[in-house]
Amino acid sequence: MATTVADAITPHADPVAAEPHRVKDLLRFATAGSVDDGKSTLVGRLLYDTKSVLADQIEAVQRASVDKGLTTPDLSLLVDGLRAEREQGITIDVAYRYFSTPKREFVLADTPGHVQYTRNTVTGASTAELAVLLVDARNGIVEQTRRHAAVLALLRVPRLVLAINKIDLVGYDEETLTAIAKDFAGLARSLGFPDDAVVTIPVSALVGDNVVDRSEHTPWYDGPTLLGHLESVPVVVPEVNAPFRMPVQYVIRPPGIRRGRTSSTTTGATRVRSRRAPCRRATRWWSCHRACGPRWRRSRPRTARWTWPARAGA
């Protein structure tokens, strides 16, 4: 009997669990690879199998899959949100997704595979601690795979996962996996990746083999699943006790308001009314809010204090 979309996909409950709040490790990772290697489908499968998809999103995928004449759900639609992406079946912009498991939280960046959108791959992988580089098991290492590997090396992404996708289309052949892994090993060494920084995993994003659950079709593979590796890979903890560093990324100056600076903290920590030792000229307003925002005020030579201006009428 033919399988329908409604039978193949079951709505999940709201992923916001009622478990007590606790701090988890955060892993930022990105996907990369050539066009049609299955990046968006892999991300959709990862989100679906970890029950990180809301019921209304599942219903939207059902309707869109039926409209396209498919009998199985197109999980890539969970990621490709732009109209042009859905119409052309490609990824154009970087798609960020947030999900969590009982062991770890994740920030995922799904990057495009076309050559003309390589700049978006640079954007998505610029903050990644790990990259999942997909390879079509039928095609092996192609030019765009080498280009994305070089981009990841330039960005100094410390860890790589070589996900050999569509392993089901080659009959779950172990020799295919071995040949692709050997070919990529030489490329990785030439780009400066250590041997222990690259992990090869055979997956099938469409079927779900070795993505979240281990596949019975690959008894010859004894390594971790993709999610298992993502949950166990070491995470770089921010240096809280290091000196405070905040590289300025953007300067804003709305009309009638003093100049403000925006950025994110790379090392160290700060809090309201904490004392710092800025430069001699750090006596200007620190925030763009004149009436209610915090500011730097000189308290003694070459020191400053984070203070709040008094309220009007106080």
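Taking the criterion of being in a strand (DSSP E or B), in contact with a helix residue (DSSP H, G or I) (Cβ under 8 Å, 6 or more places away or on another chain) and among the charged types (D, E, K, R), would at least one residue in the range 204-212 satisfy it?
yes
Please give the strands (runs of 3 or more DSSP E) falling wholly within the range 102-194 in which 2 or more residues are touching a Ser or Thr at 6+ places or on another chain (Cβ under 7 Å) and touching a residue at least 40 places away in the same chain (Cβ under 8 Å).
Correct list: 104-110, 130-136.
Using the structure shown, decide if residue 16 is in the same structural domain as residue 144 (by TED's automatic domain parsing) and modelled with pLDDT under 75.
So residue 16 passes the test.
Applying the selection to the range 217-241, what residues are in a loop (DSSP other than H, G, I, E, B), modelled with pLDDT of 90 or more and not small (Gly, Ala, Ser)?
Passing the criteria: 217, 218, 219, 220, 221, 222, 224, 225, 233.
In this structure, is residue 83 over 12 Å from the mean Cα position of the chain (by Cα), modelled with pLDDT under 75 and not hydroxyl-bearing (Ser, Thr, Tyr)?
yes
Across the range 41-80, what is the number of residues that are at pLDDT 70 or above, within 15 Å of residue 124 (Cβ to Cβ) and out of contact with any strand residue (DSSP E or B) (no Cβ under 6 Å at 6 or more places or on another chain)?
Result for the range 41-80: 1.
Rundown of residues vs (1) out of contact with any Asp or Glu (no Cβ under 9 Å at 6 or more places or on another chain); (2) surrounded by fewer than 15 Cβ atoms within 10 Å (Cβ to Cβ), yes/no style:
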residue: 141; (1), (2): no, no
residue: 152; (1), (2): yes, no
residue: 185; (1), (2): no, no
residue: 216; (1), (2): no, yes
residue: 220; (1), (2): no, yes
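If I ask for residues that are over 15 Å from residue 50 (Cβ atoms) and in contact with an Asp or Glu (Cβ under 6 Å, 6 or more places away or on another chain), which ones from the range 195-212 would you list?
Matches in the range 195-212: 204, 207.
When you check residue 93 against the structure, is it at pLDDT 50 or above, surrounded by fewer than 18 Cβ atoms within 10 Å (Cβ to Cβ) and not polar (S, T, N, Q), yes or no?
Considered against the rule, which asks whether it is at pLDDT 50 or above, surrounded by fewer than 18 Cβ atoms within 10 Å (Cβ to Cβ) and not polar (S, T, N, Q), residue 93 comes out as yes.
Name the single residue, out of those in the range 187-209 being among the hydroxyl-bearing types (Ser, Thr, Tyr) and crowded, with 18+ Cβ neighbours inside 10 Å, that is modelled with the highest pLDDT.
The extreme case among them is 200.
Do you know which residues across the range 118-144 are over 17 Å from the mean Cα position of the chain (by Cα) and of a type outside the set (Asp, Glu)?
Of everything in the range 118-144, those that are over 17 Å from the mean Cα position of the chain (by Cα) and of a type outside the set (Asp, Glu) turn out to be 135, 137, 138, 139, 140, 141, 142, 144.
Do you know which of the residues in the range 19-40 that are assigned to a loop (DSSP other than H, G, I, E, B) and β-branched (Val, Ile, Thr) is modelled with the lowest pLDDT?
Restricting to residues being assigned to a loop (DSSP other than H, G, I, E, B) and β-branched (Val, Ile, Thr), the top hit is 23.
Please verify whether residue 162 is in the same structural domain as residue 75 (by TED's automatic domain parsing), surrounded by 15 or more Cβ atoms within 10 Å (Cβ to Cβ), modelled with pLDDT of 95 or more and of a type outside the set (S, T, N, Q), treating the condition exactly as stated.
Yes: the conditions hold for residue 162.
The values are calculated or read from the model by the stated rules, or taken from the named source; none is laboratory data. Please read all numbers here as calculations on a predicted model, not as lab measurements. Ideal geometry is used to build each Cβ from the backbone, glycine not excepted, and the neighbour counts take in all protein chains shown.
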